[in-house]
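Input: a single structure, listed below in structure tokens.
The values are calculated or read from the model by the stated rules, or taken from the named source; none is laboratory data. Remember, it's a predicted structure, so these values are computed and weren't measured experimentally. Ideal geometry is used to build each Cβ from the backbone, glycine not excepted, and the neighbour counts take in all protein chains shown. Just so you know, the surface numbers come from the protein's heavy atoms only, side chains and all, with ligands and any DNA or RNA stripped out. Shrake-Rupley method; radii C 1.70, N 1.55, O 1.52, S 1.80 Å.
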Amino acid sequence: MNIVLFGPPGAGKGTQAAILVEQHNIVQLSTGDMLRAAVAAGTELGKQAKSVMDAGQLVADDLIIGIISDRIDEADCKNGFILDGFPRTVAQAEGLDAMLEEKGLKLDSTIEIVVDEQILFSRIEQRASETPEAERRADDNAETLKKRLAVYHEQTAPVLPYYEKKGNLHKVDGMQSIEKVASQIANFLK
């Protein structure tokens, strides 16, 4: 089962992905996590990604598609994967489709978590306040969220019609409890 989760920053994609991983024995592939790991490791890619991410911008498409391609070739992805934070542009969606086709794979479902964006600022502030400072993400602040939301609307939101035309975009109400959102998602995956 191969799934893409959509929604603006702070919508709960990571939380829902963790539930799906447990329920379906699939792997969560968060490009954000992969990039943050590269930053933490101090790799050349990590250094490049850090300046881009700190500015609230997106990393180059070919680099991300290559990271994902290599990752889904690993044995733990044999049952499927969840992409969280990718694709963010129509070009990435087309690149992802082409890469999956080359591997004889496809996306089974794309799910958009729809939220009230004003609430996202509260969620980000809460996440930052509940996380120890040493573990806090550099992008957990209102100013970066504002930039990331602008990028989401400008670049990522236009991807949704791409998947809607393919007939596998499902929308869930992300303003409900974690359990209710998970239940909605489960209904689309039956």
Next on the checklist: Using the Cα centre of the chain as the reference point, and only Cβ charges (+1 on K/R, -1 on D/E), how large is the resulting charge dipole? Debye, rounded to the nearest 20.
Outcome noted: 240 debye
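At a 1.4 Å probe radius, carbon and sulfur cover how many percent of the accessible area of the chain? Numbers along the way, then the final one.
Working: 4940 of 9770 Å².
Here it works out to 51 percent.
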Item to check | For segment 3-63, accessible area per residue (1.4 Å probe, heavy atoms of protein chains only), Å² | outcome: 45 Å²
Checklist outcome for this item: In deg cm²/dmol, rounded to the nearest 500, the helical mean residue ellipticity at 222 nm of the chain, built from -39500 (n - 2.57) for every DSSP H run of length 4 or more, is -16500 deg cm²/dmol
Next on the checklist: With only alpha-carbon pairs counted, each pair once and no self-pairs, how large is the Kirkwood hydrodynamic radius of segment 101-153 in angstroms?
Outcome noted: 13.5 Å
Checklist entry - Could you give the accessible area per residue of segment 85-141, probe 1.4 Å, as a whole number in Å²? => result 55 Å²
Item to check | Using θ = phi - 60° and Karplus 6.51 cos²θ - 1.76 cosθ + 1.60, couplings along segment 108-121 (whole Hz; Gly, Pro as x) | outcome: 8, 7, 10, 10, 9, 8, 8, 9, 7, 5, 5, 5, 4, 4
Item to check | Amide hydrogen neighbours beyond the local backbone of residue 82, cut-off 5 Å, H modeled | outcome: 3, 27, 28, 29
Checklist entry - Convex hull volume of the Cα atoms in segment 76-119, per residue, in Å³? => result 99 Å³
Checklist outcome for this item: Cα-Cα pairs in segment 23-159 separated by more than 19 Å, as a whole percent of all pairs, come to 57 percent
